[in-house]
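*Asks:* One structure is given below, represented as structure tokens, and several questions about it will come after.
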Amino acid sequence: MNAPAEIIRREVARCGVLSFARFMELALYCPNSGYYEREKDNLGRRGDFYTSVSTGELFGRLLAFQFANWLEELLALNPQLATVSIVEAGAHDGQLASDILTWLQQSRRRLFEQIEYDIVEPSVRQQGWQRETLKGFAPHVRWFSNFPELARRGSVASEPPSKRTRISGVIFANELLDAMPVHRLGWDAKNKKWFEWGVTLENGKFAWAKIETLTTGPGLPDPALCEVLPDGYTIETSPAAENWWREAANILEFGRLLTVDYGLTADELFSPGQPGGTLRAYSRHHTTGDVLANPGEQDLTAHVNFSTIQSTGEACGLQTEIFSTQAQFLTKVVEKIFKTPELFGGWSAKQGRQFQTLTHPEHLGHAFRVLIQARLAAICRPASA
């Protein structure tokens with residue numbers, strides 16, 4: 001039996017029922033044996049699912065081009081800044097960081113020398129994969145376990161949080177929030193209450209069990225909508241994703257916060273088309289029938305509630321600039337490139353095929369959403385992507 005399953009069994013034995021959020025955390029992130037800890041080759045054709053990064057280097061090059069425009073604008077309008085930061089969270093094996101840094105080094109050499117590339121990665125094992133991939137950029141890349149550690153860089157430990165360093169630049173994540181632990185909630189139509197689905201053991205196998213009755217809470221739909229929901233209607237909420245976005249927003253002094261993720265708005269999530277929620281398990285490019293089976297050996301994911309994430313950022317003082325599909329976002333970036341092709345570099349037939357995969361609605365173009373929020377200096381003009 002694998003380590004995540006053993007650990008989950010022990011926790012269930014101790015408490016009777018485990019929240020699904022804890023089950024998901026252990027299944028995906030258990031040190032050395034969780035799904036994302038076991039091996040770095042779980043992406044692409046040989047892995048369990050495709051990502052934008054696994055299509056080739058174009059995705060990173062397009063992000064790098066857009067980041068460069070934002071960062072050059074930030075430096076021009078804020079001459080007191082000697083350096084700017086790109087902060088990536090959830091960098092997996094470091095390939096996206098490598099694609100971004102390679103393009104910046106080749107096409108924006110002067111800007112490249114002013115950039116500090118910071119990776120926020122709590123996993124020691126994944127940091128090792130990333131260091132190997134990025135060894136050619138060693139002087140420009142630093143690693144931190146979390147945002148508080150990043151904020152403490154160069155500061156004295158006794159200083160209050162208000163004195164800690166904040167980031168000017170770009171903070172981003174690609175397919176991170178949809179892999180954060182979620183709570184799975186069900187609707188009891190008879191009693192007009194939400195309950196939480198937890199995980200227990202039945203006949204030696206993991207099984208669902210009701211654990212807590214809820215009346216209100218973040219991410220739950222409007223009470224008027226609940227009145228018409230069918231019995232057993234299921235949704236997911238992710239306080240972990242909201243907390244991550246809040247931490248990122250609060251450490252951003254000037255610049256932009258961006259995520260690319262599977263997700264929907266609240267209106268799309270709370271619809272007749274999603275009665276069973278969006279929680280899925282993936283193995284070898286197929287959804288599997290049981291999300292509780294084989295913890296640590298299959299991917300678990302749930303769609304991001306972008307309405308909640310957007311509201312979280314705005315509550316921290318960020319301005320929402322863009323919420324669109326990946327196809328819409330990347331198409332606008334390419335439109336800028338075609339106006340000034342000399343600033344981007346060559347565009348090959350291979351990259352054309354990669355762009356089609358990244359933007360085609362039957363591939364990655366529609367499934368992924370892009371949310372960009374900004375905190376800009378008073379003298380800065382909001383810029384479209």
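Table: residues versus (1) assigned to a loop (DSSP other than H, G, I, E, B); (2) aromatic (F, W, Y); (3) at pLDDT below 95.
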site	(1), (2), (3)
L111	no, no, no
Y117	no, yes, no
R131	no, no, no
A138	no, no, yes
R153	yes, no, yes
E159	yes, no, yes
G186	no, no, yes
P218	yes, no, yes
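*Asks:* Would you pick out the residues in segment 240-280 that are under 30 Å from A151 (Cα atoms) and either hydrophobic (A, V, I, L, M, F, W, C) or part of a loop (DSSP other than H, G, I, E, B) (or both)?
*Replies:* To start, the set of residues in segment 240-280 that are under 30 Å from A151 (Cα atoms) comprises 240-263.
Selection gives A240, A241, W244, W245, A248, A249, I251, L252, F254, L257, L258, V260.
*Asks:* Still on this structure, I have one more. For segment 280-310, how many residues meet the condition of being closer than 20 Å to G90 by Cα, out of contact with any Ser or Thr (no Cβ under 7 Å at 6 or more places or on another chain) and hydrophobic (A, V, I, L, M, F, W, C)?
*Replies:* 3
*Asks:* Out of all the residues in segment 191-201, which are closer than 16 Å to E11 by Cβ and without any contact (Cβ under 8 Å) to a residue 40 or more places away in the chain?
*Replies:* If the condition is that a residue be closer than 16 Å to E11 by Cβ and without any contact (Cβ under 8 Å) to a residue 40 or more places away in the chain, then no residue fits.
*Asks:* Moving to a separate point now. Do we find that Q95 is crowded, with 17+ Cβ neighbours inside 10 Å and polar (S, T, N, Q) in this structure? Steps first, please.
*Replies:* On the way: crowded, with 17+ Cβ neighbours inside 10 Å: yes; polar (S, T, N, Q): yes.
When the stated conditions are applied, Q95 passes them.
*Asks:* Read through the list (1) of a type in the set (A, V, I, L, M, F, W, C); (2) in a strand (DSSP E or B); (3) modelled with pLDDT under 80, then give the number of the only condition that A224 fails.
*Replies:* Of everything listed in (1) of a type in the set (A, V, I, L, M, F, W, C); (2) in a strand (DSSP E or B); (3) modelled with pLDDT under 80, A224 misses just condition (2).
Listed here are the residues, each with its yes/no results for (1) within 30 Å of E72 (Cα to Cα); (2) crowded, with 16+ Cβ neighbours inside 10 Å; (3) within 21 Å of the chain's Cα centre (by Cα).
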| position | (1), (2), (3) |
| --- | --- |
| A179 | no, yes, yes |
| N203 | no, no, no |
| D231 | no, no, no |
| E247 | yes, yes, yes |
| S271 | no, no, no |
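*Asks:* With respect to the numbered conditions (1) surrounded by fewer than 13 Cβ atoms within 10 Å (Cβ to Cβ); (2) at pLDDT below 90; (3) not polar (S, T, N, Q), which one is the sole condition not fulfilled by R164?
*Replies:* Just one mismatch for R164, condition (1).
*Asks:* Step by step: first the residues of segment 327-385, then only those that are among the charged types (D, E, K, R) and in a loop (DSSP other than H, G, I, E, B), then the one that is modelled with the lowest pLDDT. Which residue is that?
*Replies:* R381
Matching residues to (1) surrounded by fewer than 18 Cβ atoms within 10 Å (Cβ to Cβ); (2) under 17 Å from the mean Cα position of the chain (by Cα):
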position: P223; (1), (2): yes, no
position: C226; (1), (2): yes, no
position: L252; (1), (2): no, yes
position: D261; (1), (2): no, yes
position: P275; (1), (2): yes, no
position: G289; (1), (2): yes, no
position: G296; (1), (2): no, no
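*Asks:* Let me ask another. Sort out which residues of segment 281-294 are of a type outside the set (S, T, N, Q), touching a strand residue (DSSP E or B) at 6+ places or on another chain (Cβ under 6 Å) and outside any loop (DSSP other than H, G, I, E, B), and write them in order of number.
*Replies:* Correct list: A281, Y282.
*Asks:* Take the residues in segment 28-53 that are closer than 19 Å to T325 by Cβ and hydroxyl-bearing (S, T, Y); name whichever of them is modelled with the highest pLDDT.
*Replies:* S52
*Asks:* Okay, next question. Those residues that are of a type in the set (S, T, N, Q) and over 19 Å from the mean Cα position of the chain (by Cα), I need them from segment 55-77; list them, please.
*Replies:* Within segment 55-77, just N69 meets the criteria.
*Asks:* Next question. Specify the residue that is nearest to the chain's Cα centre (by Cα); the eligible residues are those in segment 78-128 that are farther than 16 Å from R256 by Cβ and hydroxyl-bearing (S, T, Y).
*Replies:* My answer is S123.
*Asks:* With modelled with pLDDT of 90 or more, touching a Cys at 6+ places or on another chain (Cβ under 6 Å) and small (G, A, S) as the only criterion, which of A207, A249 stands out? Step through it out loud before you land on a result.
*Replies:* Details: A207 fails: touching a Cys at 6+ places or on another chain (Cβ under 6 Å).
Result: A249 is the single residue among A207, A249 that is modelled with pLDDT of 90 or more, touching a Cys at 6+ places or on another chain (Cβ under 6 Å) and small (G, A, S).
*Asks:* To continue, here is another question. Test G232 against the stated conditions and say whether it is in contact with a Gly (Cβ under 7 Å, 6 or more places away or on another chain), assigned to a loop (DSSP other than H, G, I, E, B), modelled with pLDDT under 95 and over 21 Å from A315 (Cα atoms).
*Replies:* yes
*Asks:* Kindly evaluate T308 against the criterion of being assigned to a loop (DSSP other than H, G, I, E, B), polar (S, T, N, Q) and touching an Asp or Glu at 6+ places or on another chain (Cβ under 9 Å).
*Replies:* No, not satisfied.
*Asks:* Now, a different point. Name the residue that is nearest to A68 (Cα to Cα), counting only residues in segment 324-363 that are in contact (Cβ under 8 Å) with a residue 24 or more places away in the chain and among the basic types (K, R).
*Replies:* Among residues in segment 324-363 that are in contact (Cβ under 8 Å) with a residue 24 or more places away in the chain and among the basic types (K, R), the one nearest to A68 (Cα to Cα) is K336.
The values are calculated or read from the model by the stated rules, or taken from the named source; none is laboratory data. Quantities reported herein were computed from a predicted structural model and do not represent experimental measurements. Don't worry about glycine lacking a Cβ; one is built from the backbone with ideal geometry, like all the others, and counts go over all protein chains shown.
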